Amino acid sequence: MSMKVLMLPGDGIGPEVMHEAEALLEEIAAQHSLDLQLDTALIGGAAMDATGAPLPEETLQACREADAVLLGAVGGPKWSDPNARVRPEQGLLELRKALGLFVNLRPIRVHPSLAPISPLRPEFVADVDVMVVRELTGGIYFGEKQEGDDHAVDVCSYTREEIERVVVQAAELARQRCGGLTLVDKANVLATSRLWRKVTTELMTNRYPDVPFETMLVDAASMHIVANPSRFNVLVTENLFGDILTDEASMLVGSMGMLPSASLGKDRAGLYEPIHGSAPDIAGQGIANPVGMLASVGMMFRYSLGIREVAGRIERAIWSAIADGQCTPDIGGSLTTRAAGEAVRERLGEYYIPKFAYG
Ligand code: IPM
Ligand code: MG
């Protein structure tokens, strides 16, 4: 069976980490005799330079035809004029919306050997294993906008259906992981948050009475994420809060470069990207950490391609390379992006049991 994977390298360090994802896919395809069809298309600033649009029609069409899409990163100083009408980030937002990818999974785990590089004390982060489930196609990101010189408006809107479909995914994950679910909202101030709380509480009471459930205000949650991160198991929240909390939570791991994500909709096809940005400050230096990108490839095998065994091999290889210190400077190693990618590929066959698997 042939599987189509579309790669969107994007901007900044995007192409550098995508290079390692491609090499990993080629190695996996050879070892497992998989018929993987790899293609590349433009997105973000790179697409604006070539075509004027951050998500060219041709790219969207190729995404619709793919079994899974891998994305590097979008954006950079070249395109960041606040007065510009078109911005690279619009390409990514349009793509998530057009493909109906309403749920975003962001697993956060700390490798034991990396606990010392976390800005928090190692004993606080060593047991962290949190899955953040972020709503991805609604809320203030996609509400009506008005932009004037003296007045601007961003509307935040959610429907019951938009909330339910995300919470169901989060509750299923919590049940699989035998953990609890925390809804993060701002129900003491926002009407949309009160709807999230009402709908989620009903759903958890009626359909998931076996899953421990709590609600938490977003300001308190941002404090608990650094004060006592291992108290969380699955966290579900709206688009904007999820964006902010996952950058915060990535610091538990010590580097933004470590974390993968999966964006999923009704069908199997999904979009997989590291949660880091285009990192213009280090772009072109060959030192970007490829782990978030490679772990995203792992998630792709798990959720879109349905080959869990390969997902497990990739995850074990990543953890083994890190345990050996075969990694980039941001996490205490001295390897280049390419050498760190190779260290992971070399370990694909090793027997190494991680604490938990991503997802
Ligand atoms: C993310 C990013 C995006 C977001 C940007 C690039 C639009 O920060 O995936 O977390 O805000 O969703
Ligand atoms: Mg973000």
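Bear in mind that the values in this text are calculations on the coordinates, not laboratory data. The model shown is predicted, which means the values in this text are computed figures rather than measured ones. Cβ atoms come from the backbone with ideal geometry, glycine included; neighbour counts cover every protein chain shown.
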Listed peptides 13-19, 344-350, 190-196 by packing density, highest first (mean Cβ within 10 Å): 13-19, 190-196, 344-350
Contour excess over end-to-end distance, with Cα ends at Arg64 and Glu144 and 0.36 nm allotted per residue: 26.2 nm
The stretch 244-272 versus the stretch 1-61: alpha-carbon centroid distance in Å: 18 Å
Cβ-based net charge around Ala152, under 13 Å, with every Lys or Arg adding one and every Asp or Glu removing one: -4
Label-point separation in nm, Arg177 to Asp324, each point 7 Å along Cα→Cβ: 2.9 nm
Residue-averaged [θ]222 nm for the chain, counting only DSSP H segments that reach four residues, each worth -39500 (n - 2.57): -13000 deg cm²/dmol
Pairwise label distance in nanometres, His224 with Asn206, each label 7 Å out on the Cα-Cβ vector: 2.5 nm
Gaussian network model of the chain, Cα within-10 Å springs - most flexible of Asp127, Asp149, Asp39: Asp149
Gain on full stretching of the segment that runs from Lys198 to Glu248 - 0.36 nm per residue minus C-alpha separation: 15.3 nm
11 Å beta-carbon shell around Thr51, net charge (K/R +1, D/E -1): -3
Three-way shape label, the chain, alpha-carbon gyration tensor, a/c 1.5: rounded
For the stretch 164-187 versus the stretch 120-147, the gap between their alpha-carbon centres in whole angstrom: 13 Å
Global form of the stretch 202-344, assessed from the alpha-carbon gyration tensor, a/c cut-off 1.5: prolate
Candidate lysines for bridging to Lys266, where Cα separation is under 23 Å - those fewer than 8 sequence places away on the same chain excluded: Lys4, Lys97
Cβ charges +1 (Lys, Arg) and -1 (Asp, Glu), total dipole of the chain, debye: 1020 debye
